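Inspection log for the structure reproduced underneath, given as structure tokens.
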Amino acid sequence: MRRQGRAVAGIIAATLLLSCAGCGEQKLISEEYQRGNSHHKYANAVMKTDTGFYYSQGDYGWLSLHYYDAANGKNMYLCNKPECRHEGDEFCVATSEKYMVFDTILYSNCLYINVIEPTDSAYEYKLLRASLDGSSLEEVVTYLTVNKVEINPDTNPMIIHRNKAFLPYVVKNVNNQQIGYNGVAIYDLETGEVTYLGDKEGDLKVEKTNFCGYGDYMYFVTAEKYKKRLCRYSYADGSVEELLLERNFTGDYAIYDDDTIYFMRGNSELFIHNPKTGENTSVSVEEWYGIRTGENSSSRSGFCDLVSDGKYLYIGENGFLKSFSTTSVWIGGMEDGSDLDFMEISILDGEGNLVNEIRFSPKDVLGYRECFLLHFCGETIYMQTPKMMYECTREDFVAGEPEFKEVYPIDIRLLSIGG
């Protein structure tokens, strides 16, 4: 197995063993999805416990689970076997060359890992579960099996909310990417039942994306070539309904509270949808959109995406808040010939009023341009890069004066501008 990070001496700290119990010893705890804690198959969500942080390889990488102990500053493989060399064999809990990993989520005191296992004849889409003490790794369910011949398997980020895991998958022909299907498996963590959101082999041209669990619903976008729809799955009866938004909905939305769903239309139009009344209300952005550059709105690049943590709405421009990427470079650059190496972030309250508009660049923290992902986790905002997780207070970030400090080093391979 190709080593993807520095090995730590073959012991798991005693604090880890004492503070974390195995998954099989604990009752399943229903948890809410943390809306602002974005994750992607290229980068994990922030997986924090009282004792430290967990993280995992993704992006088609082989299984590699890690734990950072905050008390003693040790970064280690999540395997409690002292004699283990963590080289991907069956003896190791933290590493394996058997599974290609796409996503890992901390839920109910366990790690749930979305993987594909290639066999001689098939690709098996599976959900794994690892204990937080590094003592066990088990296969929870196989939710899809496809013939391996001329097939390119893929997944999109999974979501777990109120004991249901939503697992989007994609199956395409290697020689013709227009041939194939997609779907979403729903695994009930309580009953062990697997169902599907719509057809198991759905139309490849109609994709379900941008999932967000909130309250009694799982929200998602159905994306066709010329139209995107915001829908929600009911936990009460499994029904699906479409929320009627304005035409030209971009597919970008953020749930603020029970009565407020922000969504984008076109390049720079912002609306609020009330799911109880069905009303769509335009949010006036003319008074503040563009104030940072002193230019009118037509000269700006337009809104990229939206994130809410339940207190504020964050609107990204010239870079994405929900994906692991870098700030985009405007072809031709600014009028003075420079490139745009910063992101504009507009911060609004629940009624659509501007709180602040700031320029943010990881270059200010790192000294160079790099891929990054922001996580809006209540009073703390994290920035994940290919090498390090940083944090600052939400108060400082909203004020436009973030002072990011190092939290823990990341010992896995992540997408980087440097290769």
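The values are calculated or read from the model by the stated rules, or taken from the named source; none is laboratory data. Since this is a predicted model, take the numbers as computed values, not measurements. Cβ sites come from the backbone with ideal geometry, for glycine too, and all protein chains shown count toward neighbours. With ligands, DNA and RNA removed, areas are computed over all heavy atoms of the protein, side chains included. Shrake-Rupley method; radii C 1.70, N 1.55, O 1.52, S 1.80 Å.
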Residue that is nearest to Asn173 (Cα to Cα), among those in segment 97-133 that are surrounded by 22 or more Cβ atoms within 10 Å (Cβ to Cβ) and of a type in the set (Gly, Ala, Ser): Ala130
Residue match in segment 278-286 (condition: at positive phi, open to solvent by less than 70 Å² (accessible area, probe 1.4 Å) and modelled with pLDDT of 95 or more): yes
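Residue-wise test of (1) open to solvent by 10 Å² or more (accessible area, probe 1.4 Å); (2) at pLDDT below 90; (3) over 30 Å from Gly58 (Cβ atoms).
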{"position": "Val307", "(1), (2), (3)": "no, no, no"}
{"position": "Ile315", "(1), (2), (3)": "no, no, no"}
{"position": "Gly319", "(1), (2), (3)": "no, yes, no"}
{"position": "Thr326", "(1), (2), (3)": "yes, yes, no"}
Count of segment 307-327 residues which are in a loop (DSSP other than H, G, I, E, B) and over 16 Å from Asp258 (Cα atoms): 9
Count - residues of segment 225-269 that are out of contact with any strand residue (DSSP E or B) (no Cβ under 8 Å at 6 or more places or on another chain) and touching a residue at least 60 places away in the same chain (Cβ under 8 Å): 1
Single residue of segment 137-154 satisfying the filter (touching a strand residue (DSSP E or B) at 6+ places or on another chain (Cβ under 7 Å) and part of a loop (DSSP other than H, G, I, E, B)) that is most open to solvent (accessible area, probe 1.4 Å): Glu150
Residue that is modelled with the lowest pLDDT, among those in segment 33-70 that are of a type in the set (Gly, Ala, Ser) and in contact with a Gly (Cβ under 8 Å, 6 or more places away or on another chain): Ala43
Residue count, segment 356-377 (criterion: open to solvent by 20 Å² or more (accessible area, probe 1.4 Å), in contact (Cβ under 8 Å) with a residue 12 or more places away in the chain and more than 28 Å from Glu287 (Cα to Cα)): 5
Yes/no for Thr104 being within 20 Å of Tyr187 (Cβ to Cβ) and touching a strand residue (DSSP E or B) at 6+ places or on another chain (Cβ under 9 Å): yes
Some residue of segment 387-407 being at pLDDT below 95 and open to solvent by less than 10 Å² (accessible area, probe 1.4 Å): no
Given (1) more than 15 Å from Ile186 (Cα to Cα); (2) open to solvent by 30 Å² or more (accessible area, probe 1.4 Å), number of the condition Pro157 does not satisfy: (1)
Selection from segment 364-384 of residues that are closer than 18 Å to Gly36 by Cα, touching a Ser or Thr at 6+ places or on another chain (Cβ under 8 Å) and assigned to a loop (DSSP other than H, G, I, E, B): Glu379
Residue in segment 123-136 that is more than 30 Å from Arg394 (Cβ to Cβ), out of contact with any Leu (no Cβ under 8 Å at 6 or more places or on another chain), modelled with pLDDT under 95 and not hydroxyl-bearing (Ser, Thr, Tyr) present: no
Matching strands (runs of 3 or more DSSP E) fully within segment 172-261 where at least 3 residues are within 25 Å of Cys304 (Cα to Cα) and open to solvent by 20 Å² or more (accessible area, probe 1.4 Å): 207-214, 228-234, 249-257
Residue match in segment 66-89 (condition: in a strand (DSSP E or B), free of Cβ contacts under 8 Å to residues at least 24 places away in the same chain and crowded, with 17+ Cβ neighbours inside 10 Å): no
